[in-house]
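The values are calculated or read from the model by the stated rules, or taken from the named source; none is laboratory data. Please read these numbers as outputs of a predicted model, since none were measured by experiment. Cβ sites come from the backbone with ideal geometry, for glycine too, and all protein chains shown count toward neighbours. The accessibility values were calculated without ligands, DNA or RNA, using every heavy atom of the protein model including side chains. Shrake-Rupley method; radii C 1.70, N 1.55, O 1.52, S 1.80 Å.
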Amino acid sequence: MIELAHVSKWYGPAQVLDDCSMTIAKGEVVVICGPSGSGKSTLIKCINGLEPFSKGTITVDGISVGDRATNLPKLRSRIGMVFQSFELFPHMTACENIVLAQQKVLARNREAAVAKASELLARMGLAEHASKYPAQLSGGQQQRVAIARALAMDPIAMLFDEPTSALDPEMITEVLDVMVKLAEDGMTMAVVTHEMGFARKVADRVVFMDQGSIVEDADKEAFFGTPRSQRAQLFLSKILQH
Amino acid sequence: MFAGFDFGILWLNAPFLWNGMLLTLQLTLLAVSGGLLLGIVLAVTRLSSIKPLAWLVEGYVNFLRSMPLILVIFWFYTLVPKLIGRPVSGFYSVLIAFVMFEAAYYSEIIRAGISSVRRPQISAAKALGLTNLQSMRYVVLPQAVRNMIPVLLTQSIIMLQDTSLVYVVGLRDFLTSADIVASRDNRPTELYLFVAIVFLVVCFSASRLVNRLRRRYAL
């Protein structure tokens, strides 16, 4: 469903992505990990064209992301994205956050959009928070609203960019629980995260990145068993120490 | 403490003062709305990717902001009739001067407001499939306006106070009218005190009104 072929990207003279290739099949959950600055966030933002890339091709559901003729807003509306710092719209209630793009992009009528929002908020365990503003919600609640906002568009795939990195430890679980459920329901997911517990539980594959390149792309068992690259072994030994 | 003062003078001259007030309010409202409209256009142009236009606007804004308002009023009073080849009433030449002048300030406030919205908010809007225009309209501008309101209000109050400069082209705004009465009847204390109180009340109510609007619309 998502295919990256030889994707490279430069910021001026600095190369941030170096010949990255990978595929994500329908229903697959791929966890992308690696040290900070390894380019994993940049890579995931290339998938829905939020970050332009300099070389290579990315196709989502057969549509080329880098093609100038591609209707990017339309493509993006079919790919959900969840950000590290939630990025809910602060001037709208939780419900309005979820309704906005349904109405403006999918042209759903208001009743249908609100119904969808209520249903999703209930699924996230946030039914009673529909009319609250983001500032009145905890980080974990905000992130779940953000997930609901993305799901409301009935996406064919979901991209998560470090969805729990900005959360207090006790709130990480409530967000991960939602993501686990989503994975179990068969959603196609690309998740940038350091949560190795999550990766062990639901990932099909783990992609390890370092200095802009994909160093390892392996089945979960293989990755956690014996990662082939030294760099990945070192990384794992460091983050799994405690 | 007010022994020897005659506040009846205000009542006697009420219609005259009211006419001055009307001119002040009229000028303020027209200049603020015109300045805002032109200011939005200038701000958007300056943020646009058409560089020559952006530079032109930058030049305009910096130029006008370094001029004293009174000089701008003089210019337009002498310039506009020459440009269009026929005399223009003091009111219109002053109004044009105010609009052009205020627009320079408003455009800077609006530009700062738009820039104050965090970049990732735009990413989030785009990730949902909103177009650039829709992101601007539904995500950026509402947040920008909320950030701009206090400064826009301050600028508009300054505008209200600056209307008194129109005396230089012979118009009678509120302060000028009060001044005329004060010197004619030799009652400066009463008149200037009154003017101060009126300005205080108008400005105070304006800021109260804006605060109420902000709460009402959860801006």
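Quick one: which residues, 5 or more positions from A:Glu28 or on another chain, have an amide H under 5 Å from its amide H? H modelled 1.01 Å from N in the peptide plane, none for Pro or chain starts.
A:Met189
Rolling a 1.4 angstrom probe over the protein heavy atoms, how many square angstrom per residue are accessible across segment B:1-108?
It amounts to 58 Å² per residue over segment B:1-108.
What's the FRET efficiency of A:Gln233 with A:Arg68 using the Cβ-Cβ distance as r and R₀ = 41 Å, to the nearest 0.05?
0.45
Please report the spacing between the Cα centers of segment B:79-131 and segment A:118-151 in Å, no decimals.
38 Å
Send over the semi-axes of segment B:128-206's equivalent ellipsoid, whole angstrom and largest first, taken as the square roots of 5 times the C-alpha gyration tensor eigenvalues.
Over the Cα atoms of segment B:128-206, the semi-axes work out to 43, 14, 6 Å.
Positive end of the charge dipole of the protein assembly as shown (Lys, Arg +1 and Asp, Glu -1 on Cβ, about the Cα centre): tell me which of A:Cys95, B:Gly20, A:Leu43 has its Cα farthest that way.
B:Gly20
Just to be sure I understand the model, the point goes 7 Å from the Cα along the line to the Cβ. What's the resulting B:Lys82 to B:Arg215 distance in nm?
5.3 nm
Round to the nearest 10 and give me the degree value, 0 to 90, for the angle of helix A:94-104's Cα axis relative to the longest principal axis of chain A.
Approximately 80 degrees, to the nearest 10.
Computed on protein heavy atoms with a 1.4 Å probe, what is the summed buried accessible area for the chain pair B and A, in Å² to the nearest 100? Intermediate values should be presented prior to the final figure.
Working: alone 12970 and 11210 Å², together 22480 Å².
Using a 1.4 Å probe, the pair buries roughly 1700 Å².
Could you state the principal axis extents of the C-alpha atoms in chain A, from the largest down, to the nearest angstrom?
Result for chain A: principal-axis Cα extents of 53, 47, 32 Å.
Can you give me the long-range amide H partners of A:Glu51? Hydrogens built in the peptide plane at 1.01 Å from N, cutoff under 5 Å, separation of 5 or more residues or another chain.
HN-HN under 5 Å from A:Glu51: A:Cys46.
What does the C-alpha gyration tensor say about the overall shape of chain B? Classify as rounded when a/c is under 1.5, otherwise prolate if a/b is larger than b/c, or oblate.
In terms of gyration-tensor shape, oblate.
How far is it, in nm, from the label point at A:Ala166 to the one at A:Ala122 when both lie 7 Å from their Cα along the line to the Cβ?
In this crude label model, A:Ala166 to A:Ala122 measures out at 2.9 nm.
List the residues, sorted by chain then number, that are 5 or more residues from A:Ser8 or on another chain and whose placed amide H is less than 5 Å from its amide H.
Amide H to amide H, under 5 Å and 5 or more residues apart or across chains, A:Ser8 pairs with A:Asp19, A:Cys20, A:Ser54, A:Lys55, A:Gly56.
What ³J(HN,Hα) values, in whole Hz, does the Karplus curve 6.51 cos²θ - 1.76 cosθ + 1.60 give for segment B:165-182 when θ = phi - 60°, with x put for Gly and Pro?
Along segment B:165-182, the couplings run 5, 5, 4, 5, 10, x, 8, 10, 7, 4, 5, 4, 4, 4, 5, 4, 4, 4 Hz.
Please report, in Å, the Rg and the Dmax of the protein assembly as shown, where both are computed over Cα atoms only.
Answer for the protein assembly as shown, Rg first and Dmax second: 30.3, 99 Å.
Cα-Cα over 30 Å: which of A:Lys74/A:Lys201; A:Lys9/A:Lys181; A:Lys55/B:Lys126; A:Lys55/A:Lys201; A:Lys55/A:Lys104? All intermediate terms of the calculation are to be shown ahead of the outcome.
Details: A:Lys74/A:Lys201 33 Å; A:Lys9/A:Lys181 34 Å; A:Lys55/B:Lys126 22 Å; A:Lys55/A:Lys201 34 Å; A:Lys55/A:Lys104 33 Å.
Those over the limit are A:Lys74/A:Lys201; A:Lys9/A:Lys181; A:Lys55/A:Lys201; A:Lys55/A:Lys104.
In bins 10 Å wide, starting from 0, what share of all Cα pairs of segment B:59-103 does each bin hold, as a percent?
30, 53, 17
Suppose every Lys and Arg Cβ carries +1 and every Asp and Glu Cβ carries -1, with no other charges. What dipole size does segment A:102-242 come out with about its Cα centre, to the nearest 20 debye?
300 debye
Which shape class applies to segment A:130-206: rounded if a/c is under 1.5, otherwise prolate when a/b exceeds b/c and oblate if not, where a ≥ b ≥ c are the square roots of the Cα gyration tensor eigenvalues?
The shape class here is oblate.
Treating each Cα of segment A:92-152 as an identical point scatterer and ignoring solvent, apply the Debye formula and state log10 I(q)/I(0) at q = 0.30 Å⁻¹.
Evaluating at q = 0.30 Å⁻¹ gives log10 I(q)/I(0) of -1.31.
Can you compute the FRET efficiency between B:Val151 and A:Ala5 using 1/(1 + (r/R0)^6), with r the Cβ-Cβ distance and R0 = 51 Å? Round to the nearest 0.05.
0.55
Taking chain B as the reference, fit the longest principal axis to its C-alpha atoms, fit the long axis of helix B:188-216 to the helix C-alpha atoms, and give the angle between the two in degrees, 0 to 90, nearest 10.
The two axes meet at around 30 degrees.
Test of understanding: express the Cα radius of gyration of segment A:185-240 as a ratio to 2.2 N^0.38 Å, with N the residue count.
1.09
Within segment B:142-156, which residues have the backbone N less than 11 Å from the label spot 7 Å out from B:Ser116 along Cα→beta-carbon, could you tell me?
Under cut-off, by backbone N: B:143-153.
From the phi of every residue in segment A:76-89, what ³J(HN,Hα) in whole Hz does the Karplus formula 6.51 cos²θ - 1.76 cosθ + 1.60 yield, where θ is phi - 60° and glycine or proline is x?
For segment A:76-89, the Karplus-derived couplings read 4, 5, 9, 10, x, 9, 10, 9, 4, 9, 6, 6, 5, 7 Hz, x marking Gly and Pro.
Does segment A:11-88 come out rounded, prolate or oblate by the C-alpha gyration tensor, with a ≥ b ≥ c the root eigenvalues, rounded set by a/c under 1.5 and, if not, prolate when a/b is larger than b/c and oblate if not?
On the way: a/c = 1.35, a/b = 1.14, b/c = 1.18.
It comes out rounded by the Cα gyration axes.
Hey, how many Å between the Cα centroid of segment B:16-63 and the Cα centroid of segment A:82-117?
If you average the Cα positions of each part, the centres end up 35 Å apart.
For helix B:69-84, what angle does its Cα long axis make with the longest principal axis of chain B, in degrees from 0 to 90 and rounded to 10?
Its long axis makes an angle of about 80 degrees.
Based on the mean of other Cβ atoms within 10 Å per residue, sort peptides B:111-124, B:41-54 so the most packed one is first.
In descending order of packing, they fall as B:111-124, B:41-54.
Once phi is turned into θ = phi - 60°, what whole-Hz ³J(HN,Hα) does the Karplus curve with 6.51, -1.76 and 1.60 give for every residue of segment A:223-231, x standing for Gly and Pro?
Going residue by residue, I get 5, 7, x, 9, x, 6, 7, 4, 4 Hz, with x marking Gly and Pro.
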